[in-house]
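Asks: Before anything else, here's the structure in question.
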Amino acid sequence: MDIIETENIQHRKKVPFARSFPTVITIAAFCFGMTSIRFTLSHRWEMAVICILVSAVLDSFDGRVARMLGQSSQFGAELDSLSDLVCFGVAPAFLLFFRSVCTLGNVGWGISMVFTVCCALRLARFNAIQILNEPKPEWQKKYFTGIPAPAGALIALFPLILHFSTGKTYFLNEKIVATFLLTSGILMVSTVKSISSKMIEIKNGLASPELLFISFVIICLITELWLTLTVLIALYIIIIPFGAYKYSKTAQQESVILKQAS
């Protein structure tokens, strides 16, 4: 071993485990996404969906934890996008293809690929925006361009979750599932403005209505998982147009304020 390499090893800093925790969360989400594919191949449909749900929960935490610890990095952002593509692009497409749209043959496979490609394009666009890091008003940070990948996966899975909730096989009709797959993919790559979780502000140390609502949702998920998911996804679909309308109105108001200020 030469002198230069020895010096590099000696100067290499040890990183505390807490600082690498966001990466561990991302890898855990990725593993659940891969496990969902395994359950799909074993025809264990409910477990496959649950793995995707766990991935979505973990995905909602890794970025926040990284910012709290001051460990946000380009490496973490790229790893998160790769994990999201598997968990919310590949895994749902595999699941819905083998559970329903496979009866459409090549058309069904094509629709599944369209969904995955849309997810990849949505993640690539998000990364490009993050790299450019162009300054924008604080109110715009509360909106996504297009729906996020986890939401897209859940909307695509909505017919299957309806089937679990009601027991009706009608919701597994290949045309219904294909429609949700295509619609979800289009929404991910669209320029429609959707609301983000940054709109929810919880005051520290206070039992705010938001905190009570979150506690209620968690209890419902534990006791009635599929019914609760059905209601939550339906509500999210309903508020997509509301988010776009609210963004448009706020943009108009901000434009008027800027004109008056100038």
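Asks: When the residues of region 46-92 are filtered to those that are β-branched (Val, Ile, Thr) and over 19 Å from residue 113 (Cα atoms), which remaining residue is modelled with the lowest pLDDT?
Replies: Filtering first and then ranking leaves 65.
Asks: Quick check on region 126-144: of everything there that is within 21 Å of residue 236 (Cβ to Cβ) and among the charged types (D, E, K, R), which residue is modelled with the lowest pLDDT?
Replies: Out of the qualifying residues, it is 141.
Asks: Does residue 222 satisfy being β-branched (Val, Ile, Thr), at pLDDT 85 or above, loosely packed, with under 12 Cβ neighbours inside 10 Å and assigned to a helix (DSSP H, G or I)?
Replies: yes
Asks: Of all residues in region 42-60, which are out of contact with any Gly (no Cβ under 8 Å at 6 or more places or on another chain), within 14 Å of residue 30 (Cβ to Cβ) and not aliphatic (A, V, I, L, M)?
Replies: Selection gives 59 alone.
Asks: Related question: Which residue pairs have Cβ atoms under 7 Å apart, sit 6 or more places apart or on different chains, and have a first residue in region 164-181 that is exposed (fewer than 15 other Cβ atoms within 10 Å of the Cβ) and a second that is part of a helix (DSSP H, G or I) and modelled with pLDDT of 95 or more?
Replies: These pairs meet every condition: 169/163.
Asks: Counting just the residues of region 182-192 that are surrounded by fewer than 22 Cβ atoms within 10 Å (Cβ to Cβ) and not small (Gly, Ala, Ser), which one comes out nearest to residue 113 (Cα to Cα)? Step through it out loud before you land on a result.
Replies: Step one: of region 182-192, the residues surrounded by fewer than 22 Cβ atoms within 10 Å (Cβ to Cβ) are 182-183, 186-187, 189-192.
Those still in the list that are not small (Gly, Ala, Ser) too: 182-183, 186-187, 189, 191-192.
On the way: 182: 10, 183: 13, 186: 13, 187: 15, 189: 14, 191: 21, 192: 22 Å.
My answer is 182.
Asks: Looking only at region 88-122, filter to residues that are of a type in the set (Ser, Thr, Tyr) and crowded, with 20+ Cβ neighbours inside 10 Å; which one of those is farthest from the chain's Cα centre (by Cα)?
Replies: Ranking the qualifying residues of region 88-122, first place goes to 100.
Asks: On to the next question. Taking the criterion of being modelled with pLDDT of 90 or more and either touching a Lys or Arg at 6+ places or on another chain (Cβ under 6 Å) or part of a helix (DSSP H, G or I) (or both), would at least one residue in region 193-213 satisfy it?
Replies: No, region 193-213 contains no residue that is modelled with pLDDT of 90 or more and either touching a Lys or Arg at 6+ places or on another chain (Cβ under 6 Å) or part of a helix (DSSP H, G or I) (or both).
Asks: Considering only region 35-49, state which residues are crowded, with 17+ Cβ neighbours inside 10 Å, of a type outside the set (Phe, Trp, Tyr) and out of contact with any Cys (no Cβ under 7 Å at 6 or more places or on another chain).
Replies: Scanning region 35-49 gives 37, 40, 48, 49.
Asks: Another question, if that's okay. Take region 55-64 and flag every residue that is of a type in the set (A, V, I, L, M, F, W, C) and buried (at least 18 other Cβ atoms within 10 Å of the Cβ).
Replies: 56, 58, listed by residue number.
The values are calculated or read from the model by the stated rules, or taken from the named source; none is laboratory data. Bear in mind that the values here come from a model prediction, so they are computed numbers and not experimental data. All Cβ positions, even for glycine, are placed from backbone atoms using ideal geometry, and neighbour counts span all protein chains on display.
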